[in-house]
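J.: The structure follows.
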Amino acid sequence: MAGTTMNQSQDNIRILGTRGSAQAYAIRDFLHRSDVPFEWIELATDEQVREQAQLKNLDDSRLPVCLFSDGTRLERPTIRQITEKLGWFRNPTRSEYDLAIYGGGPAGLSAAVYGASEGLKTVLIERSVIGGQAGSSSKIENYLGFPKGITGADLAERAREQACKFGAEILLLREGVRGEFFPGKGVGYLADGSKIIARATICATGVDYRRLNLPDEDRFTGAGLFYGAGASEAALCKDESVIVVGGGNSAGQAVMHFAPYASKVTMVIRGECLKKTLSEYLVDRIHSTPNVEVMIHTEVAALHGEKALSGVTLKNVTTAKERQIDTRWLFLCLGGVPHTQWAADVGIVRDEEGYLVTGPDLVTNGKRPKSWEHDRDPYYMETSIPGMFAAGDVRHGSVKRCASAVGEGAMAIAFVHRYLADG
């Protein structure tokens, strides 16, 4: 990826598959969030499968098929295979780095830009796609400097290009699973068996979307049920009923993105109104859009369908009254759960919800954490392990906004420099 712009690395990729295919959705979502142009070709009959995909029928296990401009054909490819084909899957080039950043959302990308531009040998490790949750947003309109708004994918791609320009390495589809910390050095072990050694570390892993915890949730994931704003799917929802669950800005942006395509968009929230959780400009737009309905005090009680989602049961949490809606499109924007079990395994202090506690919040009644061995207090964004910092949504007390995450990523670098100067 370094030195190239993602959306210029390939001509249009053609994806041939069937409606309700979780694998096809995963590919569309990855390419959309990576800012790579693609063409989705939906196969609805056995004849289309034979003519266009050169396979047997709609049930052929080799679907979906990806066709590249150089003639390469990948049958039922994994995201890893597509990443390798695009030339983005890389191995670390150094045995040791000054700074390792885990997470490629706004906080991690910001830290990579500032760290690399200030001379730190920097590597960023991302388990999925660059951009994090912000990367799935159809349009961010309240980010400084973009009065007309910018898509999350575009913002992430610009930040990635900046980081690479300054020499940061970005390792995609790599996940940290375990860490060890020694004086002046941290070792991150990745799921594929490789390891990253660095003098300082920033955790910017963000949060995962909350689940409904309903029967069949796993079965319908990617086949009618989607986590996040689902920006890649809007055009496929034309003249259909769409349900968006959640009351935050990401949910509001999703509602407005689907509204021009869908026959109706139903926004489901447990609260009594949108004003408590949503920016005012989005509240005004949602209430003034004719084909948008907001259902308050409501939650999803059941999922229906055979191979793919075909409907949901919505329940009023106040009256217990239920209502069933036919839909093939359910998008969940339910806030987040921090991805920090690895931190608990090495004794890093977390709050009751799993967020990483940093800086002054670690000092209670003038006492530092028991594991703290330095004769100074933890720096503002430093965790309970010296040299291990946290930035963005994963940090206890952070403001869950894209601009705040970017600011925290930049701020963390200042404290990394101070830590490294300590020797």
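J.: In the range 85-108, which residues are farther than 17 Å from Gly176 by Cβ and either hydrophobic (A, V, I, L, M, F, W, C) or crowded, with 16+ Cβ neighbours inside 10 Å (or both)?
T.: Pass one, the range 85-108, residues farther than 17 Å from Gly176 by Cβ: 85-88, 93, 95, 98, 106.
Result: Lys85, Leu86, Trp88, Asp98, Pro106.
J.: Let me ask something else about it. Quickly run through the range 56-88 and pick out the residues that are of a type in the set (A, V, I, L, M) and in contact (Cβ under 8 Å) with a residue 12 or more places away in the chain. Write out each step before concluding.
T.: Start the filter on the range 56-88 by keeping residues that are of a type in the set (A, V, I, L, M), which leaves 58, 63, 65, 67, 74, 79, 82, 86.
Listed by number, the residues that qualify are Leu58, Leu63, Val65, Leu67, Ile79, Ile82, Leu86.
J.: Considering only residues of the range 374-406 that are without any contact (Cβ under 8 Å) to a residue 24 or more places away in the chain and of a type in the set (Asp, Glu), which is nearest to Ile150 (Cα to Cα)?
T.: If we take residues in the range 374-406 being without any contact (Cβ under 8 Å) to a residue 24 or more places away in the chain and of a type in the set (Asp, Glu), then Asp377 is nearest to Ile150 (Cα to Cα).
J.: Note down all Cβ pairs under 9 Å where the first residue falls in the range 328-354 and is free of Cβ contacts under 8 Å to residues at least 24 places away in the same chain, the second is assigned to a helix (DSSP H, G or I), and they're at least six residues apart or on different chains.
T.: Listed by first residue and then by second, the contacts come to Gly354/Gln341; Gly354/Ala343; Gly354/Ala344; Gly354/Val394.
J.: Another question about this same structure. (1) under 24 Å from Cys333 (Cα atoms); (2) free of Cβ contacts under 8 Å to residues at least 24 places away in the same chain; (3) not small (Gly, Ala, Ser): which one isn't true of Ile140, the others all being true?
T.: Result: Ile140 fails condition (2) only.
J.: Right, another one. Please enumerate the residues belonging to the range 355-371 that are free of Cβ contacts under 8 Å to residues at least 24 places away in the same chain and either within 22 Å of Arg178 (Cβ to Cβ) or not in a strand (DSSP E or B) (or both). Lay out the reasoning, then the answer.
T.: Of the residues in the range 355-371, the ones free of Cβ contacts under 8 Å to residues at least 24 places away in the same chain are 359-360, 362-370.
Of everything in the range 355-371, those that are free of Cβ contacts under 8 Å to residues at least 24 places away in the same chain and either within 22 Å of Arg178 (Cβ to Cβ) or not in a strand (DSSP E or B) (or both) turn out to be Gly359, Pro360, Leu362, Val363, Asn365, Gly366, Arg368, Pro369, Lys370.
J.: If you don't mind, there's one more thing I want to ask. So, in the range 259-286, of the ones that are β-branched (Val, Ile, Thr) and outside any helix (DSSP H, G or I), which residue ends up surrounded by the most Cβ atoms within 10 Å (Cβ to Cβ)?
T.: Within the range 259-286, the subset β-branched (Val, Ile, Thr) is 265-266, 268-269, 277, 283, 286.
Pick out the ones that are also outside any helix (DSSP H, G or I) and you get 265-266, 268-269, 277.
Working: Val265: 27, Thr266: 22, Val268: 24, Ile269: 22, Thr277: 16.
Checking each candidate, the answer is Val265.
J.: Can you name the residue in the range 142-162 that is in contact with a Phe, Trp or Tyr (Cβ under 9 Å, 6 or more places away or on another chain) and at pLDDT 90 or above and, of all such residues, is surrounded by the fewest Cβ atoms within 10 Å (Cβ to Cβ)?
T.: Step one: of the range 142-162, the residues in contact with a Phe, Trp or Tyr (Cβ under 9 Å, 6 or more places away or on another chain) are 142, 149-150, 155.
The next check asks that each one be at pLDDT 90 or above; those that pass are 149-150, 155.
Details: Gly149: 15, Ile150: 18, Leu155: 23.
Restricting to residues being in contact with a Phe, Trp or Tyr (Cβ under 9 Å, 6 or more places away or on another chain) and at pLDDT 90 or above, the top hit is Gly149.
Yes/no matrix, rows are residues, columns are (1) of a type in the set (Ser, Thr, Tyr); (2) touching a Gly at 6+ places or on another chain (Cβ under 8 Å); (3) in a loop (DSSP other than H, G, I, E, B):
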residue	(1), (2), (3)
Ala107	no, yes, no
Ala116	no, yes, no
Val123	no, no, no
Asn142	no, no, yes
Gln162	no, no, no
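J.: I need the full set of residues from the range 242-257 which are among the hydroxyl-bearing types (Ser, Thr, Tyr) and touching a helix residue (DSSP H, G or I) at 6+ places or on another chain (Cβ under 6 Å), in order please. Show your work before the answer.
T.: Going through the range 242-257, the residues among the hydroxyl-bearing types (Ser, Thr, Tyr) turn out to be 250.
Correct list: empty.
J.: Ok, one more. Failed condition for Glu118, given (1) touching a Lys or Arg at 6+ places or on another chain (Cβ under 6 Å); (2) modelled with pLDDT of 90 or more, with all others met?
T.: Here Glu118 clears every test but (1).
Every residue, every condition in (1) over 14 Å from Ala251 (Cβ atoms); (2) without any contact (Cβ under 8 Å) to a residue 60 or more places away in the chain; (3) basic (Lys, Arg), yes or no:
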position	(1), (2), (3)
Asp284	yes, yes, no
Val292	no, yes, no
Met295	no, yes, no
Lys307	yes, no, yes
Ser310	yes, no, no
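Here's the yes/no breakdown for (1) assigned by TED's automatic domain parsing to the domain that holds Ile13; (2) surrounded by 14 or more Cβ atoms within 10 Å (Cβ to Cβ); (3) within 25 Å of the chain's Cα centre (by Cα):
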| position | (1), (2), (3) |
| --- | --- |
| Gln48 | yes, yes, no |
| Gln52 | yes, yes, no |
| Lys56 | yes, no, no |
| Ser61 | yes, no, no |
| Cys66 | yes, yes, yes |
| Arg73 | yes, no, no |
| Ile79 | yes, yes, yes |
| Ile82 | yes, yes, yes |
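J.: Also, quick follow-up: Any idea which residue in the range 168-204 is surrounded by the fewest Cβ atoms within 10 Å (Cβ to Cβ), counting only those that are among the small types (Gly, Ala, Ser) and outside any strand (DSSP E or B)?
T.: Step one: of the range 168-204, the residues among the small types (Gly, Ala, Ser) are 168, 176, 179, 184, 186, 188, 191, 193-194, 198, 200, 204.
Add one more test, that the residue is outside any strand (DSSP E or B), and what stays is 168, 184, 191, 193-194, 204.
Values: Ala168: 26, Gly184: 13, Ala191: 12, Gly193: 7, Ser194: 13, Ala204: 30.
Top of the filtered list is Gly193.
J.: Would you mention how many residues in the range 205-233 are under 30 Å from Ala112 (Cβ atoms), in a helix (DSSP H, G or I) and out of contact with any strand residue (DSSP E or B) (no Cβ under 8 Å at 6 or more places or on another chain)?
T.: Result for the range 205-233: 2.
J.: What pairs come out if I take residues in the range 153-175 that are at positive phi and pair them with residues that are of a type in the set (A, V, I, L, M, F, W, C) whose C-beta lies under 9 Å away, six or more apart or interchain?
T.: Taking only residues 6 or more apart or on different chains, the pairs are Gly167/Ala2; Gly167/Ala116; Leu173/Ile79; Leu173/Trp88; Leu173/Phe89; Leu173/Val129.
The values are calculated or read from the model by the stated rules, or taken from the named source; none is laboratory data. The shown structure was predicted, so the numbers you read here are calculated from the model rather than taken from an experiment. Backbone-built Cβ (ideal geometry, glycine too); neighbour counts: all protein chains shown.
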